[in-house]
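Scroll down for the structure; my scribbles are underneath it.
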Amino acid sequence: MIEVDRGQFLRLGAGGLVAVATAGAVAAPAAAQIPAPTPQEDDIAFLSFAGLAERTSRDFYRAAVKQKATGLTAVERRHLDRVASAKRAHILRLDAALGADAPATGDFVTVLPKNAVKTKARIIALGEQLETLLVRVYLNGVGFAVDPATRLLLGRFLAYDAQQIAWLRGAAGHASPAGLFSPIDLEPAADQLDAFLSTPDFPD
Amino acid sequence: MMNPKRLARRIRPALALALVLGLAAPAAASALNVYAASSLRDVFTQIDSSPTYNFAASNTLQLQVERGAPADVFASANPTEAQALFKGGNCDRPVTFATNKLVLLVPKGNPAKIKSVYGLRKGGLNLAVGSSGVPVGSYTRTLLRRLGLSNVLKTNTVSQESSVANVVSKVALGSADAGFAYVTDGKIASDRVDAIRLPRYAQPPVRYQLCAVKRDGADTAGAAAFIAKVRAGRGRSLLKAAGFGLPPKS
């Protein structure tokens with residue numbers, strides 16, 4: 001961001017302002033250069049999985065924030081609320097990348113285990129489980145997606161969710177993970193995600 | 001006496017005319033003509049046995065209706081076909097009346113020992129898949145893309161089938177090691193096939209839609225009554241018993 005104090009402002013005058021605005025415009029493309037994903041071949045698989053896993057995660061955080069007397073501090077609740085909002089933003093990006101393949105409202109409903117958000121300990125345990133699943137699938141996608149822009153998008157989500165794992169572990173008084181996460185194949189990942197999904201209008 | 005070949009040549013046009021008239025007869029009679037997706041065969045005939053049914057792939061039926069076939073009701077396994085007819089002014093606004101899911105069918109006893117859909121990655125198997133224009137084929141391709149398994153259509157020997165009924169037949173007869181069909185098809189043929197569940201997250205939503213066909217001479221009252229019957233309590237119960245999912249009552 002370009003900061004201009006009052007004195008500079010007056011000295012710069014209109015011409016100076018044009019220069020400042022131009023400088024801003026030049027700087028802007030650096031952030032805007034992130035290309036839109038154009039998934040190739042089976043890249044859709046990573047995005048589809050992520051789209052539903054991020055929805056599950058968002059619904060979980062929303063439920064955790066809504067639940068009273070969990071033992072979470074006000075600061076922790078605010079953090080989880082921000083994470084739920086961030087997840088919503090992730091879903092929008094994923095849906096945009098998926099296009100016609102994006103799930104429609106009502107296709108899937110999140111089913112959380114009984115008492116999943118009853119206590120801080122349970123919230124942290126399930127949060128860590130969901131985020132770890134996402135991180136491991138994102139690692140797989142970063143390694144094997146064909147389209148570079150899709151890999152970049154998955155990598156950005158990976159960074160965010162890894163941060164969230166560190167936060168969850170910190171909130172529980174645990175150290176950040178010491179080892180490396182391993183990528184997970186979509187086959188075992190699907191089994192884990194399916195446990196949180198229901199399709200109310202479709203036969204099971 | 002006329003030689004038999006000449007006689008055959010002479011009567012051929014007359015036979016053709018008789019055949020056309022014979023085929024046209026059901027339309028001229030008062031029976032309602034219902035054009036419906038193959039996967040609805042069993043349940044529709046249970047819901048109402050009186051109409052004259054034409055069961056085939058939804059895209060084929062759509063084409064027939066667009067070309068003026070004497071249909072009164074159209075029911076497709078994918079909203080695409082019903083919506084196209086609606087947009088083209090060939091039918092009233094379609095309604096969703098049932099849903100379905102895909103399964104991987106294998107012949108009874110699973111001779112190829114396929115444990116899950118991911119088992120298709122090993123290649124070298126015979127697969128029966130709906131062709132891409134058929135709803136089940138389109139759903140199958142979406143599912144495989146979501147699972148990251150599109151490649152199995154290249155690494156296995158794939159027969160492209162023109163309807164879901166053909167997929168089921170191929171698997172039931174053992175001509176295919178596996179095939180993608182609807183849950184309801186697996187249920188109907190359960191004495192000859194086993195169904196392998198597919199990951200929930202990758203399932204494309206399979207929605208069936210019904211509409212009353214708009215054409216000169218269409219039996220609109222009969223079509224409305226049939227549609228009401230399918231969507232009423234008994235129709236829904238029979239759909240559910242057959243394994244279909246049901247949209248919320250509207």
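Round to the nearest 0.05 the FRET efficiency obtained for A:THR119 and A:ASP201 when R0 = 51 Å and r is the Cβ-Cβ distance.
Using R0 = 51 Å, I get an efficiency of 0.95.
What FRET efficiency do you get for B:LYS113 and B:THR80 if R0 is 35 Å and r is their Cβ-Cβ distance, rounded to the nearest 0.05?
0.45
Ordered by residue, what ³J(HN,Hα) values in Hz, to whole numbers, does the stretch A:180-186 give under the Karplus form 6.51 cos²θ - 1.76 cosθ + 1.60, where θ = phi - 60° and Gly and Pro are x?
Here the 3J(HN,Hα) series is 9, 6, 9, x, 10, 6, 5 Hz.
Give me the Kirkwood hydrodynamic radius of chain B in Å, from all C-alpha pairs, to one decimal place?
19.4
At B:LYS229 and B:SER175, where each label point lies 7 Å from the Cα along Cα→Cβ, what is the point-to-point distance in nanometres?
Placing both labels 7 Å beyond Cα along the Cβ direction yields 3.4 nm.
Going by how many other beta carbons lie within 10 Å of each one, how would you line up B:PHE74, B:PHE244, A:PHE108, fewest first?
By the 10 Å Cβ count, ascending: A:PHE108, B:PHE244, B:PHE74.
Provide the descending list of Cα extents for the stretch B:102-202 along its principal axes, expressed in whole angstroms.
The principal-axis extents, from largest down, are 31, 26, 25 Å.
Would you calculate, for chain B, the mean residue ellipticity at 222 nm contributed by helices, counting each DSSP H stretch of 4 or more residues as -39,500 (n - 2.57) and dividing by all residues, to the nearest 500?
Value at 222 nm, helices only: -12000 deg cm²/dmol.
Which chymotrypsin sites (Phe, Trp or Tyr not before Pro) in the stretch A:118-204 pass both tests, a DSSP loop state and at most 14 other beta-carbon atoms within 10 Å?
Those that pass, being in a loop and sparsely packed, are A:PHE181.
Tell me the volume per residue, in Å³, of the convex hull enclosing the alpha carbons of the protein assembly as shown.
Value for the protein assembly as shown: 254 Å³ per residue.
Which whole-Hz couplings ³J(HN,Hα) result when phi for each residue of the stretch B:223-238 is put into the Karplus expression 6.51 cos²θ - 1.76 cosθ + 1.60, θ = phi - 60°, listed in order with x for Gly and Pro?
Running phi through 6.51 cos²θ - 1.76 cosθ + 1.60 with θ = phi - 60° gives 5, 4, 5, 5, 4, 4, 5, 5, 8, 7, x, 5, x, 5, 4, 5 Hz.
Around B:ASP191, what is the net charge, scoring Lys/Arg as +1 and Asp/Glu as -1 over all other residues with Cβ under 15 Å from its Cβ?
Every neighbour counted, the sum reads 0.
Restricting things to alpha carbons, find the Rg to Rh ratio for the stretch B:42-102 using the Kirkwood radius for Rh.
0.94
How high is the relative contact order of chain B? Use alpha-carbon pairs under 8 Å, at least six apart in sequence, and give a whole percent.
In percent, rounded to a whole number, it is 27.
Between A:SER85 and B:ARG215, how high is the FRET efficiency from 1/(1 + (r/R0)^6) when r is the Cβ-Cβ distance and R₀ = 45 Å? Nearest 0.05.
The value I calculate is 0.30.
For A:THR110, what is the net charge nearby, where nearby means another residue's Cβ is under 10 Å from its Cβ and Lys, Arg count +1, Asp, Glu -1?
Surrounding charge for A:THR110 is +2.
Whole-Å semi-axes of the stretch B:132-186's equivalent ellipsoid, largest first, each the root of 5 times a Cα gyration tensor eigenvalue?
Result for the stretch B:132-186: semi-axes of 17, 13, 10 Å.
Beyond 23 Å, what share of the Cα-Cα pairs of the stretch B:48-180 remains, rounded to the nearest whole percent?
Result for the distance tail: 40 percent.
If you rank A:SER182, A:SER85 by fewest surrounding Cβ atoms within 10 Å, what's the result?
By the 10 Å Cβ count, ascending: A:SER182, A:SER85.
Pairs of alpha-carbon atoms within less than 8 angstrom and 6+ residues apart define the contacts here; what relative contact order does the stretch B:102-202 have, in percent?
47
In nm, to one decimal, how far is the A:ALA178 label point from the A:THR73 one, both placed 7 Å along Cα→Cβ?
In this crude label model, A:ALA178 to A:THR73 measures out at 2.6 nm.
How about the stretch B:221-250: which trypsin sites (Lys or Arg not before Pro) there lie in a loop by DSSP and see at most 14 other Cβ atoms within 10 Å?
For trypsin sites (Lys or Arg not before Pro) across the stretch B:221-250 that sit outside H, G, I, E and B with at most 14 neighbouring Cβ atoms in 10 Å, the list reads B:LYS249.
What number comes out for the charge environment of B:PRO107, summing +1 per Lys or Arg and -1 per Asp or Glu over other residues with Cβ under 12 Å away?
Net of charged neighbours comes to +1.
From the C-alpha coordinates alone, can you work out the Kirkwood hydrodynamic radius of the stretch A:43-198, in Å?
15.8
Throughout, read-outs are computed from the coordinates displayed, never taken from laboratory work. No experiment lies behind these values; they were computed from the predicted model shown. Every residue, glycine as well, gets a Cβ built from its backbone with ideal geometry; the counts of neighbours run over all protein chains shown.
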